[in-house]
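Heads up, the thing below is written out as structure tokens.
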Amino acid sequence: MLTPEQKHIKDERLSGAIQHGVAEFVERESNGKSLITITRVVLSADKKRATVFFTTFPDSYEEQVLLFLKRNMSDLVYFLKKKFKFSRLPLLEVMLDIGEKNRQKIDTIITKENNNEELSEES
């Protein structure tokens, strides 16, 4: 029987493998019109579902990327099973990573504020 720490490590490996595999699939199959980043994968408590979070640049391609990922889900699952030889792959869902977008907005605001402070100090 696995200890809680061993279970956590196993979960991290699974989510990391899924994240890496999805990123590789996107790199190979996307049209290259936008930069798609797979930011994280969150497993459900029972490990039967995995939510794949992504961001895009420019933001205007978010809906198109979401549709691309959903439309190609069966190919993605086949790719992951073939690449990693999963005995049982969790059911995948894809979502835009709103948290990452908010973090990026905060970084932009802080950078602008710091630049404004530097300009006012120079004056």
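Summary of computed values
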{"read-out": "Conditions (1) over 12 Å from the mean Cα position of the chain (by Cα); (2) among the polar types (S, T, N, Q); (3) at pLDDT 95 or above; number of the one not met by Gln19", "value": "(1)"}
{"read-out": "Criterion: within 14 Å of the chain's Cα centre (by Cα) and closer than 27 Å to Ile9 by Cβ - qualifying residue of Phe86, Phe54", "value": "Phe54"}
{"read-out": "Tally of residues being closer than 17 Å to Lys83 by Cα and either surrounded by fewer than 19 Cβ atoms within 10 Å (Cβ to Cβ) or of a type in the set (Asp, Glu) (or both) across the stretch 20-45", "value": "6"}
{"read-out": "Residue in the stretch 101-112 that is surrounded by 10 or more Cβ atoms within 10 Å (Cβ to Cβ) and within 19 Å of Glu24 (Cβ to Cβ) present", "value": "no"}
{"read-out": "Test: Lys85 is closer than 17 Å to Lys48 by Cα and surrounded by fewer than 11 Cβ atoms within 10 Å (Cβ to Cβ)", "value": "yes"}
{"read-out": "Of residues in the stretch 46-63 being exposed (fewer than 14 other Cβ atoms within 10 Å of the Cβ) and of a type outside the set (Phe, Trp, Tyr), the one farthest from His20 (Cα to Cα)", "value": "Ser60"}
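Here is a yes/no grid of residues against (1) out of contact with any Ser or Thr (no Cβ under 6 Å at 6 or more places or on another chain); (2) at pLDDT below 95; (3) within 28 Å of Lys7 (Cβ to Cβ):
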site: Val52; (1), (2), (3): yes, no, yes
site: Tyr61; (1), (2), (3): no, yes, no
site: Leu76; (1), (2), (3): yes, no, yes
site: Phe86; (1), (2), (3): yes, yes, yes
site: Lys101; (1), (2), (3): yes, yes, no
site: Ile109; (1), (2), (3): yes, yes, no
site: Glu113; (1), (2), (3): yes, yes, no
site: Ser120; (1), (2), (3): yes, yes, no
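The values are calculated or read from the model by the stated rules, or taken from the named source; none is laboratory data. It should be emphasised that the depicted structure is a prediction, and the values quoted were computed from it without experimental measurement. Reconstructed Cβ throughout: ideal geometry from the backbone, glycine too, with neighbour counts over all protein chains shown.
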